[in-house]
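In what follows, a single structure is set out as structure tokens and then discussed.
The values are calculated or read from the model by the stated rules, or taken from the named source; none is laboratory data. Not measured: the values here are computed from a predicted model. Cβ coordinates were reconstructed from backbone atoms using ideal geometry, including for glycine residues, and neighbour counts include every protein chain displayed. Accessible surface areas use protein heavy atoms only, side chains included; no ligands, DNA or RNA. Shrake-Rupley method; radii C 1.70, N 1.55, O 1.52, S 1.80 Å.
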Amino acid sequence: MRVILLTGKGGVGKTSLSIATALGAAEHGHRAIVLSTDPAHSLGDALGTPVGPRPISVCSGVFAQEVGALDELERSWSAIQHWLRGLLRGETDELVAEELLVFPGLEELMALRAVREVEARGEHDVCVVDCAPTGATLRMLRFPDALRIFMENFFEIERRGVRWLRPVVGRLGGSALLPDEEFFEAFERLYREIDDVRQILTDGDRTTARLVMNPARVVVEETRRSFAYLSLYGVATDAVIVNRELPPQASGGWFARWAEKERRERADIAASFPVPILHAPLHPTELLGVDALRRLGREVYGSRDPAAVFAEGRPIRLRKDSRGTILEIDLPNASKDDLDVGVHGSELLVRVRDAHRRIALPASLAGRTVSTARLEAGVLAIRFE
Ligand SMILES: Nc1ncnc2c1ncn2[C@@H]1O[C@H](COP(=O)(O)OP(=O)(O)O)[C@@H](O)[C@H]1O
Ligand SMILES: [Mg+2]
């Protein structure tokens, strides 16, 4: 199943364009569903018909669904959290502890489990995800790393001494909320499900992100950062959609200076993103209902199939040359000053501004030292000895 994630700042047009993308995909013969994981659901408002946690038919070939409230597993998470806090206190890696305990983005990740369910139902070829605003999406991508690292440590501990672990759990765990067995099962299930979600998100053959933006400076800057972060976390971006551009007929007179500013932004946008840039004009009214949103889809995609992958390429890849192995990460718009690279055991640590990533190295690279790390033309190339 093809998965298309639409993300961007609040209000830029994610919801409208998600529906437009699904409608366009259906016109190309795909069985499409648009799924909202933004806690501020608005599919129903845009469609002018209530949408809930069960998929509803919007028109021929298109379904819509808003991911529902927290379920049992999420509630049990507070017990897990409580237990972790005790277990991690003091001895474990600060960064991991912090990421696991603060759980930024966990909610979004929980919501994205719905993508698995849609896939399992097997009724749709294309799932367009109307994501939460960029920040939450990016934080969400960080979580599986932290959880994986924790699980490895956790099983390490369990191998070393179940007896030691269990009493700790008994004392610190949310045993008031959950008996031990249930607690462990919940934890393992969560881990597996989140790992499934991670695999879907980072599989560039079926999942790509489309960044929605408006042609205004502050939004362009943020979109550049998002592009780099998505790459860092292994999610391929295959298009940038610039929404609400002043149309030619509104670009003179009173709007002349806005139009001129937009022209400069557009040139900047074209130079900033190594993927197709799609455009949609500002409409005189809100875009409500299937017909208006279908027209929006045609404006954005023209005759293209919205379900196609518009830019091939893996944001993280391995390459070999005569001197050894190189791990490459696409980080367009990152600068040397923003970057830190290091190896820790079998992991590569990369920091871009305030985003940290721990990339599990393939066995062939684990334990090897980095000989050089260079940032050139938006690609971070890390050479191993
Ligand atoms: N190209 C456009 N022209 C005019 N109005 C638009 C356009 N794109 C979106 N809108 C309107 O802007 C508002 C916010 O759009 P929405 O898709 O809900 O953004 P987001 O999901 O990013 O918050 C909605 O009222 C929508 O109808
Ligand atoms: Mg929205």
Study note, to complete from the structure: Residue pairs within 8 Å by beta carbon, gap of at least six or interchain, first lying in the range 120-143 and open to solvent by 20 Å² or more (accessible area, probe 1.4 Å), second part of a strand (DSSP E or B) and within 16 Å of ligand 2 (Cβ to nearest atom), listed first then second, are Pro133/Thr7
Exercise for review: Kindly list, by first and then second residue, each pair from a residue in the range 11-28 that is touching a residue at least 60 places away in the same chain (Cβ under 8 Å) to a residue that is within 6 Å of ligand 1 (Cβ to nearest atom) and of a type in the set (D, E, K, R), limited to pairs with Cβ atoms under 8 Å and residues at least 6 apart or on different chains.
Suggested key: Val12/Arg244; Gly13/Arg244
Practice item. Would you be able to say whether some residue in the range 329-351 is in contact (Cβ under 8 Å) with a residue 24 or more places away in the chain and among the polar types (S, T, N, Q)? Key: yes
Exercise for review: Within the range 62-74, count every residue that is open to solvent by less than 30 Å² (accessible area, probe 1.4 Å) and modelled with pLDDT of 95 or more.
Suggested key: 3
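Would you tally the residues in the range 20-42 being within 14 Å of ligand 1 (Cβ to nearest atom), over 18 Å from the mean Cα position of the chain (by Cα) and either at pLDDT 95 or above or crowded, with 24+ Cβ neighbours inside 10 Å (or both)? Step through it out loud before you land on a result.
Narrowing the range 20-42 to residues within 14 Å of ligand 1 (Cβ to nearest atom): 20-23, 34-42.
Adding the requirement that they be over 18 Å from the mean Cα position of the chain (by Cα) leaves 20, 22-23, 42.
The next check asks that each one be either at pLDDT 95 or above or crowded, with 24+ Cβ neighbours inside 10 Å (or both); those that pass are 20, 22-23.
So the answer is 3.
Can you find, within the range 260-305, the residue that is farthest from ligand 2 (Cβ to nearest atom) among those that are among the small types (Gly, Ala, Ser) and within 24 Å of the chain's Cα centre (by Cα)?
Kept after step one, since they are among the small types (Gly, Ala, Ser), are these residues of the range 260-305: 267, 270-272, 280, 289, 292, 297, 302-303.
Still in the running and within 24 Å of the chain's Cα centre (by Cα): 270-272, 280, 297.
Values: Ala270: 26, Ala271: 28, Ser272: 24, Ala280: 15, Gly297: 16 Å.
Filtering the range 260-305 for residues that are among the small types (Gly, Ala, Ser) and within 24 Å of the chain's Cα centre (by Cα), the one farthest from ligand 2 (Cβ to nearest atom) comes out as Ala271.
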Check your understanding: Given Glu299, Glu385, which one is surrounded by fewer than 19 Cβ atoms within 10 Å (Cβ to Cβ), modelled with pLDDT of 85 or more and among the acidic types (Asp, Glu)?
Key -> Glu299
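If I filter the range 244-276 down to residues being of a type in the set (A, V, I, L, M) and closer than 30 Å to Pro315 by Cβ, which single residue comes out as surrounded by the fewest Cβ atoms within 10 Å (Cβ to Cβ)?
Going residue by residue through the range 244-276, those that are of a type in the set (A, V, I, L, M) are 246, 250, 256, 259, 267, 269-271, 275.
Going one step further and asking which of them are closer than 30 Å to Pro315 by Cβ, we end up with 267, 269-271, 275.
On the way: Ala267: 10, Ile269: 20, Ala270: 11, Ala271: 8, Val275: 19.
The extreme case among them is Ala271.
Enumerate the strands (runs of 3 or more DSSP E) found wholly within the range 1-69, keeping only those where 2 or more residues are within 13 Å of ligand 2 (Cβ to nearest atom). Let's see the steps before the verdict.
Working: elements: 2-7, 32-36, 56-59, 62-66.
Per the criteria, 2-7, 32-36, 62-66.
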